[in-house]
Amino acid sequence: MASHHRVSFHLKDMHPYTQDDFPREIDEKEVARALGDRSLPKLLEVLRLEELDESIHYHALRYLREHVVKPLDCSKAIKAGSVPVLSNILHRCVDVPRLASIAAECVGRLGDSIDGGVIIAESTAIFNLVRAVTLDPSIHEDSAAIETLKKESGSALQRMTTSHTGKKELLNNVLELSDRLVKSMLSTGDDELRRSILRTLHNLALRAESLATLHEKGTVAGCVELCSSGDRESLRLTLEVLACLGNSLKGKEALVASGAIAAVAPLLMHDDAEVQAMATRCALMASGCLPGKKQLGEVRGAVEGLCARAFDDRIDVAISAIYAMENAGELPQSREKIRITLCKDLEALEDLIGVMFGVFMEGEAELEEQVGLSLTAPTSIIRSRAICANKCADILKGLRDEQKRLAEKDADS
């Protein structure tokens with residue numbers, strides 16, 4: 001109760017935080033618990049008064065941050081009018097980066113709910129968050145504070161776009177400013193901020209209605225450029241975004257036009273298994289349009305990488321690689337290159353067919369193993385394995401026929 005009485009004195013009896021002797025030794029979590037909802041109106045009243053000292057606002061924001069943790073508390077804070085107050089602080093972020101960092105974190109928490117998403121979409125908070133993300137640290141004497149602000153703003157955008165239910169307007173607001181996010185993603189040297197932006201773009205790309213706008217905003221070209229730089233986690237996220245962007249025909253064409261196949265081809269042989277898997281998925285997406293089929297046969301290392309992934313132990317990766325090769329193989333030049341590459345190891349191809357069927361193609365228990373597989377594996381996986389095995393078998397038959405024809409030709413000569 002001591003905390004309650006001491007802080008109430010400053011929140012209620014005197015105009016809040018106007019005295020320099022505010023009890024700063026009191027932990028803000030303790031204050032938030034002690035005061036509960038009664039502190040909200042006074043905290044917001046304090047934050048509206050721009051003439052107060054920055055240290056006063058700093059403590060008020062810290063108390064507010066500790067208050068907006070649970071969904072019910074966030075809902076109460078939203079109804080009390082916290083969003084416009086926080087948005088105004090974000091608007092002044094260049095002057096008060098330390099305050100804006102906490103405000104960004106609070107907005108991210110409030111926007112995690114449906115009610116918050118609606119209110120935030122109607123305010124200028126999204127614009128101010130994106131503006132904060134794109135700030136140049138050199139504009140302020142405390143560059144570290146600007147860097148912290150950028151990271152908190154990026155995290156807030158990621159958090160608010162993670163759940164899509166009831167957030168159409170909020171997502172549309174972020175979408176319209178996505179070109180700024182792409183530029184910041186490419187220019188920043190902070191891996192954490194880059195990953196936050198990539199996750200935000202990925203959240204947007206999961207909506208079919210967002211794809212056309214993301215293509216127009218240069219997201220594909222930005223991600224392709226990022227394939228040659230950044231840390232390993234950023235590379236995985238970049239490929240994941242590219243794969244999502246290729247879910248439409250225009251997206252597939254945009255991938256090819258932006259040079260995605262040339263960027264992805266060396267990653268098919270990357271030493272990171274997740275990077276290999278995502279690169280294979282990107283190649284599959286790009287192979288769904290005519291320019292992509294052509295480029296897969298022309299770009300150095302693309303066919304070789306897909307052939308290597310076709311023998312991958314992970315069935316989903318192998319299936320993606322085989323489908324990509326089948327798409328590319330619709331063009332004669334690509335088909336010939338695939339055959340030449342696969343012909344180097346026909347025994348491995350036979351083993352692959354056995355894996356796809358769920359048997360080893362040897363012994364006398366094929367039928368028994370197939371029945372066991374059908375009882376334990378999902379139907380879709382069995383169907384995909386069987387289809388891919390048939391495709392591999394067709395390729396193998398063609399290669400065997402080619403070998404036989406060449407052998408007969410040598411014998412005749």
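The values are calculated or read from the model by the stated rules, or taken from the named source; none is laboratory data. The structure displayed is predicted, hence computed values, not measured ones. Glycine also receives a Cβ, built like all others from the backbone with ideal geometry; neighbour counts cover every protein chain displayed.
Data table
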item: Which listed residue is more than 25 Å from Met185 (Cβ to Cβ) and not in a helix (DSSP H, G or I), from Val85, Val69, Val94; result: Val69
item: Matching option when the condition is among the β-branched types (Val, Ile, Thr) and surrounded by fewer than 22 Cβ atoms within 10 Å (Cβ to Cβ), among Ile315, Ile322; result: Ile315
item: Matching helices (runs of 4 or more DSSP H) fully within the range 282-387 where at least 1 residues are closer than 30 Å to Ala221 by Cβ, at pLDDT 50 or above and of a type outside the set (Lys, Arg); result: 290-298, 302-310, 315-328, 332-342
item: Qualifying residue in the range 158-165 (condition: within 24 Å of Gly222 (Cα to Cα), modelled with pLDDT of 90 or more and among the hydroxyl-bearing types (Ser, Thr, Tyr)); result: no
item: Count - residues of the range 193-212 that are over 20 Å from Thr134 (Cα atoms) and assigned to a helix (DSSP H, G or I); result: 6
item: Candidate set from the range 144-160 (those that are polar (S, T, N, Q) and surrounded by fewer than 24 Cβ atoms within 10 Å (Cβ to Cβ)); member that is farthest from Cys93 (Cα to Cα); result: Gln158
item: Any hit, the range 261-275, residues being under 16 Å from His202 (Cβ atoms) and surrounded by fewer than 24 Cβ atoms within 10 Å (Cβ to Cβ); result: yes
item: Residue count for the range 100-117, restricted to those that are in contact with a helix residue (DSSP H, G or I) (Cβ under 7 Å, 6 or more places away or on another chain) and over 25 Å from Ala145 (Cβ atoms); result: 4
item: Filter pass, Thr219 being farther than 30 Å from Gln333 by Cβ and surrounded by 22 or more Cβ atoms within 10 Å (Cβ to Cβ); result: yes
item: Count of residues meeting criterion [buried (at least 20 other Cβ atoms within 10 Å of the Cβ) and farther than 11 Å from Cys282 by Cβ] in the range 237-250; result: 1
item: Residue within the range 259-269 that is touching a Lys or Arg at 6+ places or on another chain (Cβ under 8 Å) and not in a helix (DSSP H, G or I) present; result: no
